[in-house]
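Down below is the structure, laid out as structure tokens.
The values are calculated or read from the model by the stated rules, or taken from the named source; none is laboratory data. If you're wondering where the values come from, they're calculated on a predicted model, not measured in any experiment. Note: ideal-geometry Cβ built from the backbone for every residue, glycine included; neighbour counts use all protein chains shown.
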Amino acid sequence: MADSRVSVVVVTYNALPWIERCLESVRGHETIVVDHGSTDGTLDLVRERFPEATLVEQENKGLGGGSNAGMRLATGDYYLLLNSDAWAIGDAVARLAAFANKHPRAAVVGPKLLNPDGSLQRSVRGFPTLWRLATEYFFLRKLAPRTRALNAFYGARFKHDRVREADFLMGACLLVRREAADTVGLFDEDFFMFSEETDWCYRFRQSGWSVFFTPDAEFTHVGGATTARDWGPMYREQLRGHLRFLAKHRGLTEAEQARWLLLVAMLLRSVVFTGERRKTSFAAARWLARSSARELLA
């Protein structure tokens with residue numbers, strides 16, 4: 001398969017030290033780097049080491065907004081949306097594209113993700129519901145992490161050693177069919193950071209497309225390389241993403257119920273946790289208590 005059929009889109013924000021390994025792993029494919037104001041030398045590295053890449057500098061529009069900017073410039077039949085702290089192992093890009101070619105109703109194909117130490121990074125998820133949020137934020141999934149009843153949000157018994165369909169996949173690495181994106185639309189940019197891939201996969205599936213996981217392609221993903229630096233605000237964005245997804249697809253009433261559920265969970269965590277985790281949980285509780293779901297999403 002010709003390299004030009006896959007266009008790689010990478011959104012960066014102070015992406016050192018991983019961005020070089022990321023871009024080197026996809027060299028030979030059309031690559032668009034969308035930067036959101038890096039000040040750590042990311043821009044200089046991309047210009048010097050990867051002059052063939054298209055570099056876009058813009059204000060921070062979130063991961064979805066940055067990915068959209070890159071996809072609008074891409075020319076391939078597939079978009080490979082790749083986190084700046086992730087990289088392909090071997091011919092993983094070609095393997096993803098080959099899988100998509102064999103499955104014409106696949107809108108999204110996700111690979112097996114590995115931690116830097118080579119261990120499995122569970123990347124399959126179930127769509128959020130009130131119960132699934134409760135199992136996550138009240139620690140219920142810890143009681144029986146392999147049961148679907150208590151851990152459907154994180155894929156529970158999903159076997160990462162065989163091809164299967166999924167609700168949605170972690171957005172660290174997604175191969176997306178251009179035809180499907182043209183039909184359904186790009187990321188909803190109201191999701192600034194978190195749940196944008198959840199919403200997108202939901203829309204694909206609602207429109208009759210499929211979302212697949214394949215273990216035949218492997219990528220390494222560090223995880224949290226950008227968000228960990230400013231986790232307090234990012235944690236609130238994660239909670240906001242849950243509320244926005246429920247408001248959009250289940251209605252404001254369910255989103256408001258989720259706000260109360262998450263508020264109680266954050267208060268509990270602020271008691272159970274210590275140190276920075278306690279501070280983060282308490283700040284999230286104060287934010288959730290401030291306004292209704294409608295106002296928090298305005």
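Okay, residues lined up against (1) more than 30 Å from Arg278 (Cα to Cα); (2) among the basic types (Lys, Arg); (3) assigned by TED's automatic domain parsing to the domain that holds Phe191; (4) in contact with a strand residue (DSSP E or B) (Cβ under 6 Å, 6 or more places away or on another chain):
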site: Asn68; (1), (2), (3), (4): yes, no, yes, no
site: His103; (1), (2), (3), (4): yes, no, yes, no
site: Pro111; (1), (2), (3), (4): yes, no, yes, yes
site: Tyr137; (1), (2), (3), (4): no, no, no, no
Suppose we filter Thr198, Thr253 for residues that are part of a helix (DSSP H, G or I), modelled with pLDDT of 95 or more, polar (S, T, N, Q) and within 22 Å of Thr183 (Cα to Cα); which single one remains?
Thr198
Can you tell me which residues in region 1-51 are in a loop (DSSP other than H, G, I, E, B) and surrounded by fewer than 18 Cβ atoms within 10 Å (Cβ to Cβ)?
Met1, Ala2, Asn14, Leu16, Pro17, Arg27, Gly28, Gly37, Thr39, Asp40, Gly41, Pro51
Given the structure, is Ala293 at pLDDT 95 or above and either surrounded by fewer than 17 Cβ atoms within 10 Å (Cβ to Cβ) or not charged (D, E, K, R) (or both)?
yes
Any hit, region 219-240, residues being loosely packed, with under 15 Cβ neighbours inside 10 Å, over 19 Å from the mean Cα position of the chain (by Cα) and within 30 Å of Ile89 (Cα to Cα):
no
Give the residues of region 139-170 that are modelled with pLDDT of 90 or more and in contact with a Leu (Cβ under 7 Å, 6 or more places away or on another chain), sorted by residue number.
Met170
Here are some residues: Arg278, Arg259. Which one is touching a helix residue (DSSP H, G or I) at 6+ places or on another chain (Cβ under 8 Å), buried (at least 16 other Cβ atoms within 10 Å of the Cβ) and free of Cβ contacts under 8 Å to residues at least 60 places away in the same chain?
Arg259
Those residues that are within 8 Å of the chain's Cα centre (by Cα) and among the small types (Gly, Ala, Ser), I need them from region 169-203; list them, please.
Gly171, Ala172, Ser195
Looking at this structure, is Arg72 of a type in the set (D, E, K, R), over 19 Å from Gly223 (Cβ atoms) and in contact with an Asp or Glu (Cβ under 8 Å, 6 or more places away or on another chain)?
no
Scanning region 1-28 for residues that are at pLDDT 95 or above and under 13 Å from Trp87 (Cβ atoms) gives Val8, Val10, Trp18, Ile19, Glu20, Arg21, Cys22, Leu23, Glu24, Ser25, Val26, Arg27
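May I ask you to verify whether Leu246 is of a type outside the set (Gly, Ala, Ser), touching a residue at least 24 places away in the same chain (Cβ under 8 Å), assigned to a helix (DSSP H, G or I) and closer than 23 Å to Asp199 by Cα?
yes
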For the structure I just gave you, tell me whether Val56 is without any contact (Cβ under 8 Å) to a residue 40 or more places away in the chain and in a strand (DSSP E or B).
yes
In the set Phe219, Phe212, Phe192, Phe204, the lone residue that is at pLDDT below 95, within 30 Å of Glu165 (Cβ to Cβ) and either of a type in the set (A, V, I, L, M, F, W, C) or in contact with a helix residue (DSSP H, G or I) (Cβ under 7 Å, 6 or more places away or on another chain) (or both) is Phe192
